[in-house]
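Engineer: One structure coming up, written as structure tokens, with questions to follow.
Readers should treat all values here as calculations from the given coordinates under stated rules, not as data from a laboratory. Quick caveat: nothing in here was measured; it's all calculated off a predicted structure. As a convention, Cβ positions derive from the backbone with ideal geometry for all residues, glycine included, and neighbour counts pool all protein chains shown.
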Ligand code: GLN
């Protein structure tokens, strides 16, 4: 399939192809030997897919595109401070091979010009020059995702003619920027410039930077995220030499060019592009490389300062527990209390990336409610990335709310907010972490009920006499029913009946909790409702002759009183007045439940 990306790449290739201005570098004699018309464009996404057109498999020497990669390795070897004492990071406005230092700091102006690059090479760790070069080659190979090789002919050619770079090396030595033999540093630099790459390789090296330092294909880390940021910054301001300002304005990506004809550009988080075309402009940048990058940037909208839209709030949904209660079946008193005070507990569902702006708007909105809230549930299941600052902002919100008496919890099965369900003390005033939204909402409901439910709360256990299904019976009638009831106990997690079972009796819950659930398509458990003492189940198959639609599972140690199918049926002949009382109690209960279900339909959410 030809995609839009393929078509745009082809279009850009065609538009630029006829531009034969510029000249191949010949100050390194061997470079003049290349086919001047070679032209290839490769684009690698940050998940490792490569689009390519033209001569993307032609080898050429990496030359100055090596500079950011060696600089990255020098930073990793020595730390940012030690490197900063040797190399500045200011754009120079000078040609790449200028023999100069900053007059005030007496340091190379940046690592993208030769003076800075030779200094980077001098900072690479290793037991011997050979070992140091091997570390450089290995490092580049990690970015490329394959073993890159050394071009001896180009190296020899540059070593023979590279007096200007030797002059730079000696200048650096005289200012003690290089502390040992400058010839070794310059030789290492010539060698790194002579590593062969293709446009496809360079695009993958760029994609590794775009992917925060991890090669998207091999999954190998080439550089830490903090150093990627540092290297890309310097590429932005200094990567295109004295053409850097124009480049940022017209292309808008951190980039690096080399006199071998390559250009590489990185769009952080998205992709890397590479162009190969050996004819150079007066700055030493590939003519068609620059032109193709401009075209690609505008056609694919790659400029890194292109503002697509103002950042949106991370809030996807907001509701109160009154509007969207948990699946726990509740007594009328509790339902009334939740209807009146449910807006004191709110749920916020967040989505997208929680970076500064998304977190800031969400925290501001929630923070403004503080005096009206008793409980807050923040559901981060829909969130992708969380930045440290966002985590700090939410932690702070939680402590601020705690001071006003509002407790906050998060629904965070992946632990992306930095705390896991088990790592947190249930009594911690700062709040709790839940694996599913239902548990979070239920926690908030209990908090509201503890504070505002004036009437009796649902009991933790009841006796059969007080079970609502058996109310309104005379003492005599009760005796008859009680004789048919058998108490059964189940352990936490035990299944009582399964979906598909036929009628199994009438189950009256006396102590503990039981949930009806089903297995969803992804193999997880979906909870339909949670029953507590005073409630019953099993009546549907018993009365309607259907099979169980759901599994019933004990959430806690459970005690039920069970009347068998046969005993229930025998009541019709043996004690019809008892059966009538039972049926009217069951019918009343069923209608009540239906009412609640209809009320909650407006906020139905299967994820709960
Ligand atoms: N090896 C080359 C030099 O130092 C690299 C220059 C470049 O690619 N801009 O002259």
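Engineer: Just rank 586, 73, 460, fewest to most, by other beta-carbon atoms within 10 angstrom. Working shown, then result.
Structural biologist: Details: 586 18, 73 26, 460 11.
Ranking 586, 73, 460 by Cβ neighbours within 10 Å, fewest first, gives 460, 586, 73.
Engineer: For the stretch 432-584, what class follows from the C-alpha gyration tensor (a ≥ b ≥ c being the square roots of its eigenvalues): rounded when a/c is under 1.5, otherwise prolate if a/b is larger than b/c, else oblate? Intermediate values should be presented prior to the final figure.
Structural biologist: Working: a/c = 2.43, a/b = 1.39, b/c = 1.74.
It comes out oblate by the Cα gyration axes.
Engineer: Additional query: Working from Cα positions, state the angle (0 to 90°, nearest 10) between the long axis of helix 287-299 and the longest principal axis of the chain.
Structural biologist: 20
Engineer: Here's another thing I want to ask about it. Rounded, prolate or oblate: which one fits the stretch 445-530, using the alpha carbon gyration tensor with axes a ≥ b ≥ c (rounded when a/c is under 1.5, else prolate when a/b beats b/c, else oblate)? Spell out each step's value before the answer.
Structural biologist: On the way: a/c = 2.60, a/b = 1.19, b/c = 2.19.
In terms of gyration-tensor shape, oblate.
Engineer: Relative contact order for the chain: what percent, with Cα pairs under 8 Å and sequence separation of 6 or more? Intermediate results must be reported in sequence, preceding the final value.
Structural biologist: On the way: 1240 pairs, mean separation 68.9, N = 608.
Across the chain, relative contact order equals 11 percent.
Engineer: Let me ask something else. Please report the relative contact order for the stretch 443-558, taking Cα pairs under 8 Å with a sequence separation of at least 6, and give it as a percent rounded to a whole number.
Structural biologist: Details: 197 pairs, mean separation 39.4, N = 116.
34 percent.
Engineer: If you don't mind, there's one more thing I want to ask. What do you get for the angle between helix 576-601 and the principal long axis of the chain? Use alpha-carbon atoms, 0 to 90 degrees, nearest ten.
Structural biologist: Between helix and principal axis, roughly 30 degrees.
Engineer: What does the highest-first list of 439-451, 16-28 look like by mean Cβ count within 10 Å?
Structural biologist: Listed from highest to lowest mean packing, they are 439-451, 16-28.
Engineer: To test your reading of the geometry: what angle, between 0 and 90 degrees and rounded to tens, separates the Cα axis of helix 388-403 from the longest principal axis of the chain?
Structural biologist: 30
Engineer: Sticking with this one: Test of understanding: ordering 319, 155 by Cβ neighbours within 10 Å, fewest first, what list do you get? Provide the component values of the computation, followed by the final result.
Structural biologist: On the way: 319 18, 155 21.
Least to most surrounded, the residues fall as 319, 155.
Engineer: Taking neighbour counts of Cβ atoms within 10 Å as a proxy for exposure, in what order, fewest first, do 520, 387 appear? Please report the intermediate quantities before stating the final value.
Structural biologist: On the way: 520 11, 387 14.
Arranged by neighbour count, lowest to highest, 520, 387 become 520, 387.
Engineer: Based on DSSP, what percent of beta bridges with both residues in the chain are antiparallel, to the nearest 5? Show your work: numbers first, answer last.
Structural biologist: Working: 57 of 73 bridges.
That works out to approximately 80 percent antiparallel.
Engineer: Here is a further query. DSSP beta bridges in the stretch 245-390, what fraction antiparallel, as a percent rounded to 5? Spell out each step's value before the answer.
Structural biologist: Details: 15 of 23 bridges.
If we restrict to bridges inside the stretch 245-390, about 65 percent are antiparallel.
Engineer: Using just the helices of the chain, give the 222 nm mean residue ellipticity in deg cm²/dmol: DSSP H runs with n ≥ 4 each add -39,500 (n - 2.57), and the total is spread over all residues, rounded to 500. Mind dumping the intermediate values first?
Structural biologist: Values: 20 runs with 243 residues, N = 608.
-12500 deg cm²/dmol, from helical runs alone.
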